[in-house]
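*Asks:* Mind having a look at this structure? Questions to follow.
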Amino acid sequence: MSEKSARSVTVERTGTGHFVATNARGGTISFGTGSDSEFTPVELLLAALGGCTAVDVDLATTRHAEPDAFSVQVSGNKVNDELGNRLTDLAVAFTVTFPDGEGADRARTILPRAVKTSHDRLCTVSRTVEIGTPVTATVEDA
């Protein structure tokens, strides 16, 4: 693994059911068990799915026109079955509108292709989920 390809975050417990994740650049996001308004880990996964594709689509379309509205709804069903707890029926739905104009017409035309390309090839998060990358969990010495 090269330094350019490595990604990591550190998760620290801040209290009962409360955590903060810190990235290598010093950015933080707090989350918890869902007992308050903080995001849960499942909601963070949904946000990562939508956010990853949103970044790709935004880059592809806004070089032609700035959208009037840009939102992404991400949903799934949490189930517990013989495979354990997991999400099923994951869906990412874009609602994007552009003003009138030639650039906006071009952005509207490429929007479906940008969403498909992100889903099929570019979005690291959705590609990882769909491919089913194994996760290793260990306990390190303190």
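*Asks:* Residues of the range 67-84 being in contact (Cβ under 8 Å) with a residue 24 or more places away in the chain and either in a loop (DSSP other than H, G, I, E, B) or crowded, with 16+ Cβ neighbours inside 10 Å (or both), which ones?
*Replies:* Applying the first criterion (in contact (Cβ under 8 Å) with a residue 24 or more places away in the chain) to the range 67-84 yields 67-71, 74-76, 78.
Result: Pro67, Asp68, Phe70, Val74, Gly76.
*Asks:* Another question, then. Tally the residues that are more than 22 Å from Arg86 (Cα to Cα) and of a type in the set (A, V, I, L, M, F, W, C), restricting the search to the range 13-42.
*Replies:* 3
*Asks:* Quick test for you: out of Leu111, Leu46, Leu122, pick the one residue that is in contact with a Gly (Cβ under 9 Å, 6 or more places away or on another chain), modelled with pLDDT of 95 or more and surrounded by 13 or more Cβ atoms within 10 Å (Cβ to Cβ). Even if it seems obvious, please write down each step before you answer.
*Replies:* Numbers: Leu111 fails: in contact with a Gly (Cβ under 9 Å, 6 or more places away or on another chain); Leu122 fails: in contact with a Gly (Cβ under 9 Å, 6 or more places away or on another chain).
Answer to the check: Leu46.
*Asks:* Further, regarding this structure: Given the conditions (1) open to solvent by less than 50 Å² (accessible area, probe 1.4 Å); (2) free of Cβ contacts under 8 Å to residues at least 12 places away in the same chain, and given that Leu59 satisfies all but one, which numbered condition is not satisfied?
*Replies:* Tallying (1) open to solvent by less than 50 Å² (accessible area, probe 1.4 Å); (2) free of Cβ contacts under 8 Å to residues at least 12 places away in the same chain, Leu59 fails exactly one: (1).
*Asks:* Starting from residues that are surrounded by 15 or more Cβ atoms within 10 Å (Cβ to Cβ) and without any contact (Cβ under 8 Å) to a residue 40 or more places away in the chain, keep the ones in the range 95-107 and report whichever is nearest to the chain's Cα centre (by Cα).
*Replies:* Among those that are surrounded by 15 or more Cβ atoms within 10 Å (Cβ to Cβ) and without any contact (Cβ under 8 Å) to a residue 40 or more places away in the chain, it is Val96.
*Asks:* Among (1) closer than 30 Å to Glu102 by Cα; (2) free of Cβ contacts under 8 Å to residues at least 40 places away in the same chain, there is one condition Thr40 misses while meeting the rest; what is its number?
*Replies:* (1)
*Asks:* Say whether the condition of being among the aliphatic types (A, V, I, L, M), within 25 Å of Ala65 (Cβ to Cβ) and open to solvent by 50 Å² or more (accessible area, probe 1.4 Å) is met by at least one residue in the range 126-140.
*Replies:* No - not one qualifying residue is present in the range 126-140.
*Asks:* Taking the range 29-50 on its own, how many of its residues are of a type in the set (A, V, I, L, M) and not in a helix (DSSP H, G or I)?
*Replies:* 1
The values are calculated or read from the model by the stated rules, or taken from the named source; none is laboratory data. Only a predicted model underlies this, so the values are computations on that prediction, with no experimental measurement involved. FYI the Cβ positions are ideal-geometry reconstructions off the backbone, even for glycines, and counts take in every protein chain you see. When the accessible area is computed, the model is the full protein with side chains, heavy atoms only, and any ligands, DNA or RNA have been set aside. Shrake-Rupley method; radii C 1.70, N 1.55, O 1.52, S 1.80 Å.
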